[in-house]
Each structure stands twice: as C-alpha cells, then as structure tokens.
Amino acid sequence: MLKPEAFFNLDTFEHAVLFDGVEYVWDVLKKINTYLQDNLQPGIHGKLDKTTVIEGEVFIGNDTVVEPGAYIIGPTIIGNNCHIRQGAYVRGNVIVGDGATVGHCTEVKNSILLPDAGAPHFNYVGDSILGGKCNLGAGSILSNFRLNAQNIVISINDEKYSTGLRKFGAIVGDRVQVGCNAVLNPGTLLGPDCMVYPTVTIKGYFPPKTVIRETIK
C-alpha cells in the first residue's frame, strides 16, 4: 500500500532506479541528493532565455524551454520536452521527468516530478513527489514542515509510520488533480486518480480515486 508502485507507474521514468527496493515511498526523498551526485552529468541542451540563471551542476534535456527569469540551482536534472516557465525557482536536489512543467512563480526543492507532471502556476513543491500526468491547480501548496518542527508521522487505520523526515511534503499519485489554492499538509499521500477540490486543506493517506471535497484536519 505504501510502496512506490502503489502510487506511480515508473515504466517511462528515466530515473526509476531511484525507487528500487524502497519499502515506503517517502524514503525516496532521502536518496535524491546521493543519486544526483552519482549520476548527474551537467549539460544544457534545451532553449534557455538569456536571463535564465544557472547555479551549480544542472542538466537540461533536449527541446526543454526555459522562460525569462527562471532561477535553477543544482544539483538538478531536467528532462526532455519540459517547460520551465517565467520566474520559476528550482532550488536544487530536483529531478524533473520528460514533459513536466514547473510553472510561473513555482518553487521546487528536493522533489521529483515524474513525466508529464504539472506544477504550472504559483505552486510550492517541497520534499515531494508528483506522479505522472498529475496537475496542481493555481496556488496549491505542498507544505513540508510542521509548525512544531517535529518529524513527520503518518497515521493510517490507527497505525503510525515514522518517516524520519522533518521536511516532507506530499506524495501525489499518477493523474491526481489538485484544485486551486488547496493545501496539502506535511505527509499527505494521495493514491492515483484522486481529486482534491479547490481551497480545501488536507492531511493523511487517501486511497486511489478518492474525491476530497472538504477540509480534513
């Protein structure tokens, strides 16, 4: 239920090896930096606006478009045919799969976007994984830090799972739709094909195809 394959189809993801042998899907977040250090070969192969700022080791794939004012910090891998829109802020330890979008004024750090994932408008994606073809509505936030600064613990059917992470945003499964201005609190897990209505605030685990219409505290 909590393994990566319960949330994602990784067949077309170039970096699927990251998920091999992982018991709990959130443990992948702990592996991103080491994977990038071992596998990143810097190179710019897409189309960058002259105002783009690149800092550190960054790979950008073929036919990827980076619009004016984007700021990309390494280590970061951005795949082919991606769209990095105006004012995007990629803060490092990020892997963006082919065809994914990091949108206008969207901030991403220590996260993975699987192929064709979308964070297209005013989103915060911190310490999270976005599944293939999922979409975050404008202004939706994946909050990654508890106000009391304690490690994130996930409760499912009265069983508690300690993630060992002080910063952990959300696991957003394949094809999930998140409405505008929704907030996913730290440690939220959404199975494939879930739908989150606009403006709601949620936390916890939601099985595939769940429709969430109301705030869940």
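The values are calculated or read from the model by the stated rules, or taken from the named source; none is laboratory data. In this text, all values refer to a predicted model and were calculated from it rather than measured experimentally. Counting neighbours? That spans all protein chains shown, and the Cβs are built from the backbone with ideal geometry, glycine included. Protein only, heavy atoms only, side chains kept; ligands, DNA and RNA dropped before computing areas. Shrake-Rupley method; radii C 1.70, N 1.55, O 1.52, S 1.80 Å.
Expressed as a whole percentage, what fraction of the accessible surface of the chain belongs to carbon and sulfur atoms when a 1.4 Å probe is rolled over the protein heavy atoms? It would help to have the intermediate numbers written out before the result.
Numbers: 4620 of 9760 Å².
The nonpolar share, carbon plus sulfur, comes to 47 percent.
Report the per residue volume, in Å³, of the convex hull enclosing the C-alpha atoms of segment 51-99. Present the calculation step by step, with values, prior to reporting the outcome.
Values: hull volume 2.6 nm³, N = 49.
Taking the convex hull of the Cα positions in segment 51-99, it is 53 Å³ per residue.
With springs only between Cα atoms under 10 Å, which of Lys47, Lys203, Lys109 fluctuates most in a Gaussian network model of the chain?
Lys47
Once amide H atoms are placed 1.01 Å from N in the peptide plane, what residues at a sequence separation of 5 or more from Leu113, or on another chain, have their amide H within under 5 Å of its amide H?
For Leu113, the qualifying residues are Ile95, Val96, Gly97, Leu130.
So what are the ³J(HN,Hα) numbers for segment 22-33, from phi and the Karplus equation (6.51, -1.76, 1.60; θ = phi - 60°), rounded to whole Hz, Gly and Pro as x?
The phi angles translate into 8, 7, 10, 4, 5, 5, 4, 4, 6, 9, 4, 4 Hz.
Near the amide H of Leu189, under 5 Å away, which other amide H atoms are found, from residues 5 or more places off or on another chain, if H is placed in the peptide plane?
For Leu189, the qualifying residues are Ile171, Gly204, Tyr205, Phe206.
Among the aspartates and glutamates, which fall within straight-line cross-link reach of Lys203, defined as a Cα-Cα distance under 14 Å, with same-chain neighbours fewer than 8 residues apart omitted?
Glu214
Using only the alpha carbons of segment 55-157, determine the length spanned along each of the three principal axes and report them from longest to shortest in whole angstroms.
Result, largest extent first: 45, 28, 20 Å.
Give me the net charge for the shell around Ile152: Cβ to Cβ below 14 angstrom, other residues only, Lys and Arg +1, Asp and Glu -1. Kindly include the intermediate steps, with their values, before the conclusion.
Values: positive: Lys30, Arg146, Lys160, Arg166, Lys167, Lys203; negative: Asp27, Asp127.
Around Ile152, the surrounding residues sum to +4.
Using only alpha carbons, build the gyration tensor for segment 1-109 and give me the equivalent ellipsoid semi-axes, biggest first, whole Å. Spell out each step's value before the answer.
Details: eigenvalues 126, 38, 32 Å².
So the equivalent ellipsoid measures 25, 14, 13 Å along its semi-axes.
Report the accessible area of Tyr24, computed with a 1.4 Å probe over the heavy atoms of all protein chains in place, in Å² rounded to the nearest 10.
Roughly 80 Å² of Tyr24 is accessible to a 1.4 Å probe.
5 Å is the cut-off here: which amide hydrogens, built 1.01 Å from N in the peptide plane, fall below it relative to Lys47, excluding neighbours closer than 5 in sequence?
So Lys47 has HN proximity to Asp63, Thr64, Val65, Val66.
What number comes out for accessible area per residue over the chain if the probe is 1.4 Å? Units Å², please. The partial results should precede the final answer.
Details: 9760 Å² over 217 residues.
It amounts to 45 Å² per residue over the chain.
In units of 2.2 N^0.38 Å, what is the alpha-carbon radius of gyration of the chain?
Working: Rg = 16.1 Å, N = 217, 2.2 N^0.38 = 17.0 Å.
Taking N as the residue count of the chain, the ratio is 0.94.
Calculate the dipole size of the chain relative to its Cα centre from +1 charges on Lys and Arg beta carbons and -1 charges on Asp and Glu beta carbons; express the result in debye to the nearest 20.
Working: 18 positive and 21 negative charges, 147 e Å.
That gives the chain a dipole magnitude of about 700 debye.
Under a Cβ-only charge scheme (Lys and Arg +1, Asp and Glu -1), can you give me the dipole magnitude of segment 62-131 about the Cα centre, in debye to the nearest 20?
On the way: 3 positive and 6 negative charges, 37 e Å.
The dipole of segment 62-131 has a size of about 180 debye.
Between Ala138 and Ser162, what FRET efficiency comes out of the Förster formula 1/(1 + (r/R0)^6) with R0 = 30 Å and r the beta carbon distance, rounded to 0.05? Intermediate results must be reported in sequence, preceding the final value.
Working: r = 34 Å, r/R0 = 1.12.
The pair Ser162/Ala138 has a calculated efficiency of 0.35.
Pick from Ser143, Ser155, Ser111: which residue has the top mean-square fluctuation in a GNM of the chain where Cα pairs under 10 Å get a spring?
Highest fluctuation among the options: Ser155.
Roughly how many Å² of Glu214 are accessible to a 1.4 Å probe, to the nearest 10?
We get 140 Å² for Glu214.
Through the Karplus equation 6.51 cos²θ - 1.76 cosθ + 1.60, θ set to phi - 60°, convert the phi angles of segment 185-192 into ³J(HN,Hα) values in whole Hz; use x for Gly and Pro.
Per residue, the Karplus-derived 3J(HN,Hα) values read 6, x, x, 6, 10, 10, x, x Hz.
Could you identify which residue out of Val90, Val125, Val17 has the top mean-square fluctuation in a GNM of the chain using Cα springs shorter than 10 Å?
Val17
Taking N as the number of residues in segment 133-217, what value does Rg over Cα atoms divided by 2.2 N^0.38 Å take?
Values: Rg = 12.1 Å, N = 85, 2.2 N^0.38 = 11.9 Å.
Normalised by 2.2 N^0.38 Å, the Cα Rg of segment 133-217 equals 1.02.
Any of Lys30/Lys50; Lys47/Lys109; Lys47/Lys209; Lys47/Lys167 with alpha carbons more than 29 Å apart? Name them for me. Please report the intermediate quantities before stating the final value.
Numbers: Lys30/Lys50 34 Å; Lys47/Lys109 22 Å; Lys47/Lys209 37 Å; Lys47/Lys167 33 Å.
The answer is Lys30/Lys50; Lys47/Lys209; Lys47/Lys167.
Would you please give the FRET efficiency between His45 and Val22, computed as 1/(1 + (r/R0)^6) with r the Cβ-Cβ distance and R0 = 41 Å, to the nearest 0.05? Walk me through the numbers on the way to the answer.
Values: r = 30 Å, r/R0 = 0.72.
For His45 and Val22, the calculated efficiency is 0.90.
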